[in-house]
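Following: one structure in structure tokens, then a few remarks.
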Amino acid sequence: MNVTLAFIIFLISYIGIMTEKINRALVACCGGVIMLVLGILNVEQAFFEHVDWNTIALLFSMMILVSITSQNGVFEYIAIKLAQQVKGKSVPLLVVMSTITAIGSAFLDNVTTVLLLVPIIITLTNMLNVTSVPFLISAILFSNIGGTSTLIGDPPNIMIGQAVEHLDFNDFLFHLGPVVVLIYIVVIGGISFFYRNALHISDDKREELMNLDPNSFLKIGPMLYKSVAVLLVTIMGFLLHPFLHLDLTTVAMCGALLLLLITTKEQEIEEVFKSVEWVTLFFFIGLFILVGGLIEVGIIDEMARAILSYTEGDVPKTTIVILWGSGLLSGFVDNIPFVAAMIPVIMEFKEYGIQNLDPLWWALALGSCLGGNATLIGASANVIVAGLAAKSNNHFSFIQFFLIGFPVVIISLIIATIYLILRYLLAYL
């Protein structure tokens, strides 16, 4: 009975999120609370087992850092500099921003990267009087594509890296980097062609842009130096976190608290908290509880086991099924709980006599990370960009993103399939 109830509640909530008739955070939280009321999971399970407070704290901390830094004109300065480098041309600017997003997502993590870059994108498009939607959608796509290439780029990779002791940062970069570059080239070409006619920037706006002095937007003063210094130190902490033996959330919280402490004389803390994307944070909490209900009744686990039982231990078949199964499911069920369910199941494949599980791990990483591009709730970065876009009156719908994101996922998975076969599976065929 609980299985049916959990599935129905999740399905109705998902439809509510897709149609966007009611605020998505309200829909997700209502769905989660209904699961609590019906006893599908209890409060302890919901808040101590399924809500990923590391993710919530990381997002909250980065929102504070970005909010304070943005008050000093830093993002306007960077936006103008970037736009002037490509002479205000729309498609080259889209390529530049997408490339920066992909690289940043690989070596920071995609959540942090979009929190830093989306304010720049919105500032830039407002200046040029061009729609920001193509830039924002591209930011989502390339944050997930770039994040696929390293251990720290996307939460599923972090989870796999923690579960499989012999895989380190260099292994992820060596095995996943080449296919990510291929996917990047294909997708950036397709996106640039698709949006070529939607990104017209008038000659007047381009001339205005080239005449702007980026330095005039900076508010020179102690707060500027403090915020930029703390932000750079925090980013350095992200890069060095394996050597510092501190997780990303701890680094982000330290940076946010330090910046709040040293800027108390320049601003009211209450005002900073008002700028936090509370709707996005509560949407995550509701979504975690919703998916937690599916986990508690065994739906996620059974889906994972069904995929693997179908393959009967055949390595090439198992690898491809994991790639496509995780790729398609991760787009509709947040990839974090799905990967959590898949990891122990893949571990069990040693009982089938499979000694080398590495192709399966790479398939899971590629599928779960790339599949996040299918829908607006497929990955954490997607939700954040959508929230920031809505707050700045640059809203785009669930369906609008799906019509672009889902084809990108299919193309990405086809490329990943060919790559896995050529690099790892030919010996088994």
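Each reported figure results from applying straightforward, stated rules to the coordinates on display, with no laboratory input. Keep in mind that this is a model prediction, so the values were computed, not measured. Quick reminder, even Gly has a Cβ in these numbers, built from the backbone with ideal geometry, and neighbours come from all protein chains shown.
Among the listed pairs Lys21/Lys391; Lys265/Lys391; Lys81/Lys391; Lys81/Lys219; Lys89/Lys226; Lys87/Lys219, which are separated by more than 23 Å between their Cα atoms?
Pairs exceeding the cut-off: Lys265/Lys391; Lys81/Lys391; Lys89/Lys226; Lys87/Lys219.
Pick the calculated percent of Cα pairs over 30 Å apart for this structure from [x] 52; [y] 40; [z] 43?
Checked against the structure: label [z].
Points 7 angstrom from Cα along the Cβ direction at Leu422 and Glu271: gap in nanometres?
5.6 nm
With +1 on each Lys and Arg Cβ and -1 on each Asp and Glu Cβ, how big is the dipole of the range 275-383 about its Cα centre, in debye rounded to the nearest 20? All intermediate terms of the calculation are to be shown ahead of the outcome.
On the way: 3 positive and 10 negative charges, 34 e Å.
Charge dipole, the range 275-383, about its Cα centre: 160 debye, nearest 20.
How large is ³J(HN,Hα), in whole Hz, for each residue of the range 354-365 in order, when computed from phi with the Karplus curve 6.51 cos²θ - 1.76 cosθ + 1.60 and θ = phi - 60°, using x for Gly and Pro?
For the range 354-365, the Karplus curve yields 7, 8, 9, 8, 4, x, 5, 5, 5, 5, 5, 4 Hz.
Roughly how far apart, in whole Å, are the Cα centres of the range 363-429 and the range 286-349?
Result: 16 Å between the Cα centres.
Calculate for the chain the 222 nm mean residue ellipticity that helices alone would give, adding -39,500 (n - 2.57) per DSSP H run of length 4 or more and normalising by residue count, nearest 500 deg cm²/dmol.
After summing the helix terms and dividing by the residues of the chain, the value is -24000 deg cm²/dmol.
Suppose every K and R has +1 on its Cβ and every D and E has -1 on its Cβ; what is the size of the dipole of the range 53-278 about the Cα centre, in Debye to the nearest 20?
480 debye
Expected output is a single nm value to one decimal: the length gained when fully extending between Phe174 and Asn129, i.e. 0.36 nm times separation in residues minus the C-alpha distance. What is it?
So the extension gain works out to 12.1 nm.
Please state the charge dipole magnitude for the chain, taken about the Cα centre, from unit charges on C-beta atoms (+1 on K and R, -1 on D and E), reported in debye and rounded to the nearest 20.
Dipole of the chain, to the nearest 20 debye: 1060 debye.
In nm, to one decimal, how far is the modelled label at Lys317 from the one at Leu38, with both set 7 Å along Cα→Cβ?
3.6 nm
Report the extension gain between His245 and Glu348 in nm, rounded to one decimal, defined as 0.36 nm multiplied by the number of residues separating them, less their alpha carbon distance.
The span from His245 to Glu348 would gain 34.1 nm if fully extended.
Tell me, what is the percent relative contact order of the range 53-278, built from C-alpha pairs under 8 Å that lie six or more residues apart?
33 percent
At R0 = 25 Å, how high is the FRET efficiency between Phe332 and Ala306 if r is their beta carbon distance? Nearest 0.05 is fine.
0.95
At a Förster radius of 41 Å, what calculated FRET efficiency corresponds to the Cβ-Cβ distance of Ser202 and Thr99, to the nearest 0.05?
Result of the calculation: an efficiency of 0.95.
Dipole of the range 53-278 (Lys/Arg Cβ +1, Asp/Glu Cβ -1, origin at the Cα centre): which of Leu260, Ser216, Ile68 lies farthest to the positive side?
Ser216
Report ³J(HN,Hα) in whole Hz for each residue of the range 119-131, in order, from the Karplus equation J = 6.51 cos²θ - 1.76 cosθ + 1.60 where θ = phi - 60°; Gly and Pro get x.
Result, ordered by residue: x, 5, 4, 5, 4, 5, 5, 5, 4, 8, 6, 10, 4 Hz.
Normalising by the residue count of the chain, find the relative contact order in percent from Cα pairs under 8 Å and 6+ residues apart. Don't skip to the end; give the middle numbers.
Values: 593 pairs, mean separation 103.7, N = 429.
It rounds to 24 percent for the chain.
Please order Met159, Met35 by the number of other Cβ within 10 Å, starting at the fewest. Before the final figure, lay out the partial values.
Numbers: Met159 19, Met35 27.
Lowest to highest Cβ neighbour count: Met159, Met35.
Roughly how many nanometres apart are two label points built 7 Å out from the Cα toward the Cβ at Val91 and Ile220?
4.0 nm
I'd like to compare 229-240, 316-327, 68-79: which one has the highest average count of other Cβ atoms within 10 Å, and what's the full order after that?
Result, highest mean Cβ count within 10 Å first: 316-327, 68-79, 229-240.
Considering only Asn197, Ile289, Ala340, whose Cα is most displaced toward the positive end of the charge dipole of the chain, charges sitting on Cβ of Lys, Arg (+1) and Asp, Glu (-1)?
Of Asn197, Ile289, Ala340, it is Asn197.
Can you tell me what the convex hull of the Cα atoms of the range 353-429 projects to on average, as an area in nm²?
Numbers: hull surface 24.5 nm².
Hull-based average projected area comes out at 6.1 nm².
Quick one: length gained pulling Glu49 to Phe193 fully straight, 0.36 nm per residue minus the C-alpha distance?
47.4 nm
Could you give each residue of the range 50-62 its phi-based ³J(HN,Hα) in whole Hz, using Karplus coefficients 6.51, -1.76, 1.60 with θ = phi - 60°, and x for Gly or Pro?
After applying 6.51 cos²θ - 1.76 cosθ + 1.60, I find 10, 6, 7, 5, 4, 5, 4, 5, 4, 4, 4, 5, 5 Hz.
Jot down the per residue volume, in cubic angstrom and as a whole number, of the convex hull over the alpha-carbon atoms of the range 53-278.
Dividing the Cα hull volume of the range 53-278 by its residues yields 122 Å³.
Arrange the peptides 204-216, 256-268 so that the one whose residues have, on average, the most other Cβ atoms within 10 Å appears first.
Put in order of decreasing packing, that is 256-268, 204-216.
Going by alpha carbons, how many degrees (0 to 90, nearest 10) lie between the helix axis of 24-37 and the longest principal axis of the chain?
The two axes meet at around 40 degrees.
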